[in-house]
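Taken together, the values in this text are just the output of simple stated rules run on the coordinates, not laboratory data. Here the structure is a predicted model, which is why all the values come from computation and not from measurement. Every residue, glycine as well, gets a Cβ built from its backbone with ideal geometry; the counts of neighbours run over all protein chains shown.
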Amino acid sequence: MIVDRQGRRFRNLRLSLTAACNYACGYCVPDGKRLVAAQDELSADVLVRAVSYLIESAGIERLRITGGEPLVSPKLEGLLRGVSQLGLEDISLTSNGQLLARKLPLLVECGIRRLNISLDTLDPQRFREIARGGDLASVLEGLRLAREAGLKIKINMVPLRGQNLDQVMPMLDYCIDNGFELRFIELMRMGHLSHDYAGFKRQFVGLDELLEQISQHYQYTQAEAAVDATAIRYQIVGRGFFGVIANESVPFCRTCSRLRLSSTGWLHGCLSSTQRHFIGDLLNEPRHIALPALQRMLVRALADKQDMSFAGGTTVMKIIGG
Ligand code: SAM
């Protein structure tokens, strides 16, 4: 097991299945280009092998499949069937939910029980402006079916000044009424936003402002969360839970246990670091050659983690999946 001086280790793997996405959210995809897969994306079989090697060499226990948009990828079924055989403690999926209704039977069949669905507004017009693709009704229908199928669902919302701040309470009520846990994600200085600090500051909404808005409607108390959880969780008395992923306001770098793998075979030990490590070649090697080399690379990837504060980074979110 590789552990750093702060006691951090890689436990959670986020695997970006493809960089292609059917949305082009302004804060994630600067050029508005949808459905563009990265060149040289790895096949489902090779990605399954990567996960298997990382379980052995890094001690990965939990896998989150993300993208781009994982549900648009023809590799989804092969990947799900492969990783479901690897004995992981948990496999979950992050998606924008646009194709959820159609893909739900496959997800259920492959043992997916937990979903994070990204949804920034309940207003159809605003939805089109933010996502620049897809439609709200399909997402809501997918969510309804997933809830009926008994899946545990979290909703990711990025609050953006001037775009969806008035949606905070409608979204919270919708989630509570449907038994979903809402996660507000503070806007991160990633990709193009890392070069545009003024634009970032203009849109950014922080933890305090969010809590202030919610406190005008509900009483809440802080709730328990896992040591390496990304979100600060709150309980609204008698109603349900919500969380805030406060990268900027309360960075959680000290307890970060995440490792990211891009669809093209690059490992990222830290969102805030420009360092990345190519494992694509190693995946063609037999286990006894690949694993020691992978371990040396993982030591370097773990050293990329920041000590305590999230500073953003040039990596584009749709490449590594958030
Ligand atoms: N397509 C999937 C989805 O929509 O959930 C998975 C990929 S998407 C990059 C994962 C998450 O990253 C989404 O919840 C999205 O809102 C979030 N995200 C993207 N760029 C972000 C940024 N600059 N700051 C905060 N969250 C961001």
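Rounded to 0.05, the FRET efficiency of the ASP307 and MET169 pair, given R0 = 22 Å and the Cβ-Cβ distance, is 0.05. Taking every DSSP helix (H) stretch of at least 4 residues in the chain, weighting each as -39,500 (n - 2.57) and dividing the sum by the residue count yields a mean residue ellipticity at 222 nm of -9500 deg cm²/dmol.
Note on GLU109 and ARG287: with the Förster distance fixed at 41 Å, the Cβ-Cβ geometry gives a FRET efficiency of about 0.90. Taking a point 7 Å out from the Cα of ARG202 in the direction of its Cβ, the residues of the range 150-165 whose backbone N falls within less than 18 Å of it are 159-165. Extension gain, GLU148-GLN213: 0.36 nm per intervening residue step, less the Cα-Cα distance, totals 20.3 nm. Think of the range 208-285 as a dipole: +1 on every Lys or Arg Cβ, -1 on every Asp or Glu Cβ, centred on the Cα centre; then among VAL250, SER272, GLY240, GLY240 lies furthest on the positive end. What is the list of residues in the range 47-65 whose amide nitrogen lies under 14 Å from a point 7 angstrom out from the Cα of ARG81, following Cα to Cβ? Within reach of a label on ARG81, which here means backbone N under 14 Å from a point 7 Å along Cα→Cβ, the range 47-65 contributes 48. Taking the C-alpha atoms only, the angle from helix 100-109 to the longest principal axis of the chain is near 50 degrees. Spatial offset of the range 121-148 relative to the range 31-65 amounts to 26 Å, using the alpha carbon center of each. Determine, from the Cβ-Cβ distance of ARG254 and GLN222 and an R0 of 22 Å, the FRET efficiency 1/(1 + (r/R0)^6), rounded to the nearest 0.05. Efficiency at R0 = 22 Å is approximately 0.75. Put a plus charge on the Cβ of each Lys and Arg, a minus charge on the Cβ of each Asp and Glu, and nothing anywhere else: the dipole of the chain about its Cα centre is then about 500 debye.
In the chain, the longest principal axis of the Cα atoms and the axis of helix 44-58 are about 80 degrees apart.
How many percent of DSSP beta bridges within the chain run antiparallel, rounded to 5? Don't skip to the end; give the middle numbers.
Numbers: 12 of 43 bridges.
Of those bridges, close to 30 percent are antiparallel.
Please report the base-10 log of the normalised intensity I(q)/I(0) for the range 85-157, using a Debye sum with one equal scatterer per alpha carbon and no solvent, at each q in 0.11, 0.21 (1/Å). Values, matching the q order: -0.28, -0.87.
Against the main long axis of the alpha-carbon atoms of the chain, helix 136-148 sits at an angle near 70°.
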